[in-house]
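Reviewing the structure listed below.
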Amino acid sequence: RGGAGAGGGPEAQIAMASKPCARLCVIRAEGDGVDPVLVVQVEKGSWCKLNHGTAVGPPQYLFGAPEGLSRLMLTHRRILGEGGPPLPSPSLKAVFVSGLEPEHAGGLVGLFLRLKADGHEKLHLFGPRGITDPMVFSCENIARWGHPHVLVTEHNLGDCCRGTLAYSDNLLSVLVSTADPSERWDGLDDPESGPPRPDLSNFARVGDTPVCSSRGRQDPGPSGPILAHCLRLKRTGMVAVVVDCGTEAEAIRLRGGGLWAALAAMGEGKVRLVLHRARWEVVETAGYRELVRALPGARHVSMRSRGGTEFGFTG
């Protein structure tokens with residue numbers, strides 16, 4: 001069981017070298033009913049507390065938006081200390097959620113209202129099929145905001161032959177798995193073929209709300225809870241995985257899917273870190289242990305370990 005520190009403070013455990021070009025930080029407050037969230041922060045230059053590579057702070061990405069997220073981010077406003085960037089950074093680019101339940105997406109409306117107060121222009125939201133409808137409902141019936149525009153992409157294997165690629169910019173690629181047999185992972189080493197994701201010119205507002213959905217063709221391909229997000233850091237070529245299996249059966253499905261086989265086939269040292277969001281009673285089952293043992297070259301860490309957990313990747 002990985003992790004270090006006591007209480008809810010962001011005491012860090014640095015797993016890599018002292019000057020990373022990317023940082024992965026787990027924040028949580030399970031005592032307050034807030035599930036773990038992964039913050040990925042990518043630096044454009046040599047890392048130091050006073051040089052974040054951009055005038056408005058380093059690009060950040062969130063994995064998970066549980067109920068209570070906005071309050072949790074205020075508690076961890078400076079995850080790297082007083083000289084570090086705010087959370088969320090003014091350069092927060094995207095949020096990735098695995099399901100529609102409160103532990104996955106219950107904090108989205110609070111996050112958007114927080115970003116409205118901070119002056120964000122737009123944000124990309126990626127989730128399973130059905131994520132657009134609750135966002136539009138929230139805008140029309142729960143809360144009102146004009147900005148940020150929320151660019152929503154739903155996971156859809158019918159989108160293209162390499163439908164596992166969800167997001168790609170100049171710093172980071174994110175691929176997802178629902179452990180569906182039709183998923184293709186032959187492009188895991190080079191997921192950049194085809195157009196950038198998302199294509200911002202392809203989004204249109206939904207009615208009078210700030211929600212924007214893709215105007216592209218939506219094939220009725222299979223979908224379901226997202227069991228894993230695979231992050232590829234372009235500056236380093238390193239791969240990290242966030243596993244979100246809520247049951248032993250989902251862990252067994254993920255173990256038998258194409259993602260785990262593709263990760264195991266990658267060169268030694270490519271898959272540096274596997275973060276597990278599952279609860280302890282799931283992690284300790286026989287099926288979940290097999291999932292961990294099937295990828296022995298990576299470091300496996302529970303996102304529910306006590307204290308803050310921080311990892312750095314050098315480039």
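The values are calculated or read from the model by the stated rules, or taken from the named source; none is laboratory data. Since we're looking at a predicted model, the values are computed, not measured. Glycine also receives a Cβ, built like all others from the backbone with ideal geometry; neighbour counts cover every protein chain displayed. These area figures cover heavy atoms from the full protein model, side chains too; ligands, DNA and RNA do not enter into them. Shrake-Rupley method; radii C 1.70, N 1.55, O 1.52, S 1.80 Å.
Which ones in segment 240-271 are touching a Gly at 6+ places or on another chain (Cβ under 6 Å) and crowded, with 23+ Cβ neighbours inside 10 Å? Residue satisfying the conditions is ALA251 alone.
Taking segment 86-143 as the search range and keeping residues that are among the charged types (D, E, K, R) and part of a loop (DSSP other than H, G, I, E, B), which one is surrounded by the fewest Cβ atoms within 10 Å (Cβ to Cβ)? Reasoning before the result, please.
Keep residues of segment 86-143 that are among the charged types (D, E, K, R), which gives 93, 101, 103, 114, 116, 118, 121-122, 129, 133, 140.
Among the residues that remain, those that are also part of a loop (DSSP other than H, G, I, E, B) are: 101, 121, 129.
Numbers: GLU101: 14, GLU121: 9, ARG129: 18.
Out of the qualifying residues, it is GLU121.
When you look at MET16, is it at pLDDT below 85, hydrophobic (A, V, I, L, M, F, W, C), part of a helix (DSSP H, G or I) and within 20 Å of THR309 (Cβ to Cβ), yes or no? Spelling it out, it is not the case that MET16 is at pLDDT below 85, hydrophobic (A, V, I, L, M, F, W, C), part of a helix (DSSP H, G or I) and within 20 Å of THR309 (Cβ to Cβ).
Being over 16 Å from VAL40 (Cα atoms), open to solvent by less than 10 Å² (accessible area, probe 1.4 Å) and touching a Gly at 6+ places or on another chain (Cβ under 8 Å) is a property that holds for ILE226.
Among the candidates VAL292, VAL274, VAL282, which residue alone is among the hydrophobic types (A, V, I, L, M, F, W, C), farther than 19 Å from LEU188 by Cβ and open to solvent by less than 30 Å² (accessible area, probe 1.4 Å)? It would help to see each step written out before you state the result.
On the way: VAL292 fails: open to solvent by less than 30 Å² (accessible area, probe 1.4 Å); VAL274 fails: farther than 19 Å from LEU188 by Cβ.
Unique residue meeting the criteria: VAL282.
Restrict the check to segment 244-253 and report whether at least one residue is hydroxyl-bearing (Ser, Thr, Tyr) and modelled with pLDDT of 80 or more. So far as segment 244-253 goes, yes, one or more of its residues are hydroxyl-bearing (Ser, Thr, Tyr) and modelled with pLDDT of 80 or more.
Listed by first and then second residue, the pairs linking a residue in segment 111-122 that is more than 12 Å from PRO210 (Cα to Cα) to a residue that is open to solvent by 10 Å² or more (accessible area, probe 1.4 Å) and assigned to a helix (DSSP H, G or I), with Cβ atoms under 6 Å apart and 6 or more places separating them unless they lie on different chains, are LEU111/SER70; ARG114/SER70. Within segment 269-315, the only residue that satisfies the criterion of being farther than 21 Å from ARG23 by Cα, touching a residue at least 24 places away in the same chain (Cβ under 8 Å), of a type in the set (D, E, K, R) and assigned to a loop (DSSP other than H, G, I, E, B) is ARG279.
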